[in-house]
């Protein structure tokens, strides 16, 4: 499947998270994004160095600025289970706006055409690093990284596009 691109409608998909009582819940992407301006960014894995030290912190630090430019939701997706995503989210106590959602079986990542097979490295199927700016389910910006890179999908890159 070709990667999602500018002008495409994002597919619907179900992602998971833990509620305040640590019970697994699910949410559809369309329920979060329909009629809104949202950023969906994907990372290869929770607790991985670039993701934890650069990618996620940038969106947390710039969240107020993004909200000020009309962004309604900032969604971080990773091919991890909701328990891992919940634990990872807790390592960012300053976070007020980024939602951490789990795509444990990579179904949504596959639907976006953004899977990355890291089986040879012992990591299985993961997500390419990416950032999408979506307005009412249509992709306005699709910044997708080559494997191992972090050059076009930062919060700063999305801010420039707004």
For this session: Could you please give the count of residues in the range 102-153 that are in contact with a strand residue (DSSP E or B) (Cβ under 7 Å, 6 or more places away or on another chain), in a loop (DSSP other than H, G, I, E, B) and touching a residue at least 24 places away in the same chain (Cβ under 8 Å)?
Result: 9
Exercise. Among the listed residues 122, 148, 113, which satisfies the condition of being at pLDDT 95 or above and surrounded by fewer than 18 Cβ atoms within 10 Å (Cβ to Cβ)?
Worked result: 113
Problem set entry | Condition broken by residue 75, with the remaining ones in (1) surrounded by 17 or more Cβ atoms within 10 Å (Cβ to Cβ); (2) over 11 Å from the mean Cα position of the chain (by Cα); (3) closer than 17 Å to residue 131 by Cβ satisfied | (2)
Seminar exercise, completed: Inside the range 39-54, the number of residues satisfying the requirement of being crowded, with 17+ Cβ neighbours inside 10 Å and either touching a helix residue (DSSP H, G or I) at 6+ places or on another chain (Cβ under 8 Å) or at pLDDT 95 or above (or both) is 8
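When you go through 43, 38, 27 one by one, which is the residue that is more than 18 Å from residue 142 (Cβ to Cβ) and in contact with a strand residue (DSSP E or B) (Cβ under 8 Å, 6 or more places away or on another chain)? Outline the logic, then answer.
Numbers: 43 fails: more than 18 Å from residue 142 (Cβ to Cβ); 38 fails: more than 18 Å from residue 142 (Cβ to Cβ).
Going through 43, 38, 27 in turn, the sole match is 27.
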Exercise. Can you tell me which residues in the range 82-101 are buried (at least 19 other Cβ atoms within 10 Å of the Cβ) and within 18 Å of residue 60 (Cα to Cα)?
Worked result: 85, 86, 88, 89, 95, 98, 100, 101
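Looking only at the range 1-14, count how many residues are surrounded by 13 or more Cβ atoms within 10 Å (Cβ to Cβ) and either out of contact with any helix residue (DSSP H, G or I) (no Cβ under 6 Å at 6 or more places or on another chain) or modelled with pLDDT under 95 (or both).
Restricting attention to the range 1-14, the residues satisfying the condition of being surrounded by 13 or more Cβ atoms within 10 Å (Cβ to Cβ) are 3-4, 8, 10-14.
Add one more test, that the residue is either out of contact with any helix residue (DSSP H, G or I) (no Cβ under 6 Å at 6 or more places or on another chain) or modelled with pLDDT under 95 (or both), and what stays is 3-4, 8, 10, 14.
Qualifying residue count for the region: 5.
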For this session: Please work out if residue 36 is surrounded by fewer than 17 Cβ atoms within 10 Å (Cβ to Cβ) and either without any contact (Cβ under 8 Å) to a residue 24 or more places away in the chain or closer than 18 Å to residue 152 by Cβ (or both).
Result: no
Seminar exercise, completed: Selection from the range 46-63 of residues out of contact with any strand residue (DSSP E or B) (no Cβ under 6 Å at 6 or more places or on another chain) and farther than 12 Å from residue 155 by Cα yields 47, 48, 49, 50, 52, 53
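The values are calculated or read from the model by the stated rules, or taken from the named source; none is laboratory data. Keep in mind that what you see is a predicted model, and the values were worked out from it rather than measured. Reconstructed Cβ throughout: ideal geometry from the backbone, glycine too, with neighbour counts over all protein chains shown.
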